[in-house]
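Novice: Mind having a look at this structure? Questions to follow.
The values are calculated or read from the model by the stated rules, or taken from the named source; none is laboratory data. The structure displayed is predicted, hence computed values, not measured ones. Here Cβ is always computed from backbone atoms with ideal geometry, including for glycine, and neighbour counts include all displayed protein chains. The area values use the complete protein model at the heavy-atom level, side chains included, leaving out ligands, DNA and RNA. Shrake-Rupley method; radii C 1.70, N 1.55, O 1.52, S 1.80 Å.
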Amino acid sequence: MPQSDLPAEVLPGAEPFAFPGGDGPDGRTGVLLVHGFTGTPMSMRPWGEHLAAEGFAVRCPLLPGHGTRWQDCNLVTEEDWTAAVGAAFDELARDVDRVVVAGLSMGGTLAIRLAETRPDDVAALVLVNPSLLTQRLDAKLLPLLAKLTPSWAPIASDIKKPGITELAYPKLPTRAVLGLRRLWTATRADLGRVRAPVLLYRSTEDHVVEPASGKVLLAGVSSTDVTEVLLENSYHVATLDNDAPTIFEGSVDWIRARTRAGDPEPT
């Protein structure tokens, strides 16, 4: 939804944010940040502030159904999320020469999906624990659970660093999870359409997204420029965890290496 149409009851700290680029060469590169399922831009703000301080233009939308009440998430679909990401991409692209898309968890899934549907537009992908599937046995019960109950146990704040809490829903909206699963299916089917350079950050201990998602991603994309970095000291929400500096600094160097000379070469 357009950011001007955001509901009035957005939780404090969950607001979308945007930072203009600097005057240097990095200012002509935009980075679109996308938060995860049941999360908010709060989980991406420190990363966004770091990118902005380095001169990049940054935008992070609030995904439909998020940042208000968990019940609202059950009222939207994966099409609402993809549309919101596409609109935010277009808004940022109007101000810069190229846009890198970076996402956490489902935000990573949405970033991949955008690179699949618009392969000529996305300059590069930076992904932190993106989700593409689950192998948990209880997931098979989800269609039934969604009919019986609108919510389940939460998945938020999987963070190793003491004293850090993610601003996210206290319950898992079960009907929205069905939309996430449809998004996984569509994204996995089109991984071969991804040609953009890929930087994947993956936590070695993640209680939300299993290693299989990373393996499927790396095996499926057509990109010839692919880098995987293992995070040894963070759980799922690594952008708020001990390895956040590794993500922030590493992504800046990686993006610069692919954009300083102009647009990335076609892969």
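Novice: Pop out the carbon and sulfur fraction of the accessible area of the chain as a percent, whole number, probe 1.4 Å.
Specialist: Numbers: 5980 of 11270 Å².
The C+S portion of the solvent-accessible surface of the chain is 53 percent.
Novice: I've got another one for you. Mind jotting down the three principal axis lengths of the chain based on Cα atoms? Whole angstrom, largest first.
Specialist: Reported extents, whole Å, longest axis first: 55, 41, 36.
Novice: Which of Gly108, Val31, Asn242 sits farthest toward the positive end of the charge dipole of the chain, with +1 on the Cβ of Lys and Arg and -1 on the Cβ of Asp and Glu?
Specialist: Gly108
Novice: Mind ranking 240-250, 222-232 by how tightly packed they are, going by the mean number of other C-beta atoms within 10 angstrom, highest first?
Specialist: Numbers: 240-250: 18.6, 222-232: 14.5.
In descending order of packing, they fall as 240-250, 222-232.
Novice: Something else now. Using the Cα centre as the reference, give the magnitude of the dipole from point charges on the C-beta atoms of the chain (Lys, Arg: +1; Asp, Glu: -1; all else neutral), rounded to the nearest 20 debye.
Specialist: So the magnitude is around 820 debye.
Novice: Roughly how many Å² is the accessible area per residue of the chain, as a whole number, for a 1.4 Å probe? Could the numbers behind the result be given before it?
Specialist: Values: 11270 Å² over 267 residues.
For the chain, the per-residue accessible area is 42 Å².
Novice: Given points 7 Å out from each Cα along the Cα-Cβ axis, report the Thr185 to Asp120 separation in nanometres with one decimal.
Specialist: Reported label-point gap for Thr185 and Asp120 is 3.0 nm.
Novice: Under 13 Å from a point 7 Å along the Cα-to-Cβ line of Ile164: which residues of the range 222-254 have their amide N that close?
Specialist: 231-249
Novice: What relative contact order, as a whole-number percentage, does the range 17-257 give when Cα pairs under 8 Å and 6 or more residues apart are counted? Present the calculation step by step, with values, prior to reporting the outcome.
Specialist: Numbers: 540 pairs, mean separation 50.8, N = 241.
It rounds to 21 percent for the range 17-257.
Novice: Note down the nm distance, to one decimal, between modelled labels 7 Å out along Cα→Cβ at Ala257 and at Arg193.
Specialist: 2.9
Novice: How about the range 38-100: which trypsin sites (Lys or Arg not before Pro) there are in a DSSP loop, with at most 13 other Cβ atoms within 10 Å of their Cβ?
Specialist: When the trypsin sites (Lys or Arg not before Pro) of the range 38-100 are filtered for loop state and at most 13 Cβ neighbours within 10 Å, Arg94 remain.
Novice: Can you show me the helix-derived [θ] at 222 nm for the chain, built from DSSP H runs with n ≥ 4 at -39,500 (n - 2.57) apiece and divided by the number of residues, rounded to the nearest 500.
Specialist: Taking each H run of at least 4 residues, the total per residue is -10500 deg cm²/dmol.
Novice: Okay, next question. Kindly work out what percent of the DSSP beta bridges joining two residues of the chain are antiparallel, to the nearest 5.
Specialist: Working: 5 of 30 bridges.
About 15 percent, rounded to the nearest 5.
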